[in-house]
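The values are calculated or read from the model by the stated rules, or taken from the named source; none is laboratory data. All figures in this text were calculated on a predicted structure; none of them were measured in a lab. Ideal geometry is used to build each Cβ from the backbone, glycine not excepted, and the neighbour counts take in all protein chains shown.
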Amino acid sequence: MKRLQWSGFFIGLVVLVAMLATLLVGPAAAAPGSIDPDAAKDLAAARQATAKYHDVEAAVADGYAQTTGCVSHPVFGTQGIHYLKDALLDNFVTPTEPEILVYIPTGADKLRLVAVEYAVPEGLVPPIPSLFGHEFHQPPSIPLFVLHAWVWQANPNGNFEDWNPNLSCPEP
């Protein structure tokens with residue numbers, strides 16, 4: 001799959017055309033929870049490309065390194081443990097090369113892959129990137145624009161939400 005470079009002029013032009021179209025004909029109506037067929041293909045490609053990372057040792061061997069403990073929120077749910085591949089942090093986003101892998105502890109020092117996360121350093125934005133038809137966002141106090149994709153664990157809040165209420169971190 002070809003890597004896409006975000007050209008400021010091109011993205012600006014696309015955003016301008018989309019804004020004008022929205023003003024002229026109104027926002028597009030999509031069924032809640034529906035995924036565009038192209039996005040569904042890209043999600044399937046992301047799953048296929050990351051299947052080998054169910055073994056966290058394979059992820060480490062490929063350059064991913066743990067950057068967080070188990071990230072959880074008392075109200076919103078859990079994200080998990082993040083493994084980042086620094087070499088992928090640039091202004092390119094590719095469905096089959098997520099910058100971050102997200103794991104949940106399952107006990108006895110075992111981890112289960114639950115999501116992938118795409119990231120672009122804030123210094124390389126604007127324009128704000130998008131993938132799977134969803135725009136990246138910047139979490140507070142993190143110098144990255146990110147997009148989660150829950151490709152290995154269902155998320156009742158949606159495939160691209162940050163927090164999964166069905167997961168939890170183990171008690172310390």
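Points to keep in mind about this one:
- Just one of the listed residues (Ala39, Ala58) is modelled with pLDDT of 95 or more and under 24 Å from His148 (Cβ atoms), namely Ala58.
- Region 81-103, residues that are assigned to a strand (DSSP E or B) and modelled with pLDDT under 95: Phe92, Val93
- Selected residue (criterion: farthest from Asp162 (Cα to Cα)) from residues of region 40-71 that are acidic (Asp, Glu) and surrounded by 13 or more Cβ atoms within 10 Å (Cβ to Cβ): Asp62
- Taking the numbered list (1) touching a residue at least 12 places away in the same chain (Cβ under 8 Å); (2) within 21 Å of Ala44 (Cβ to Cβ); (3) not in a strand (DSSP E or B) in turn, Ala58 passes all entries but (1).
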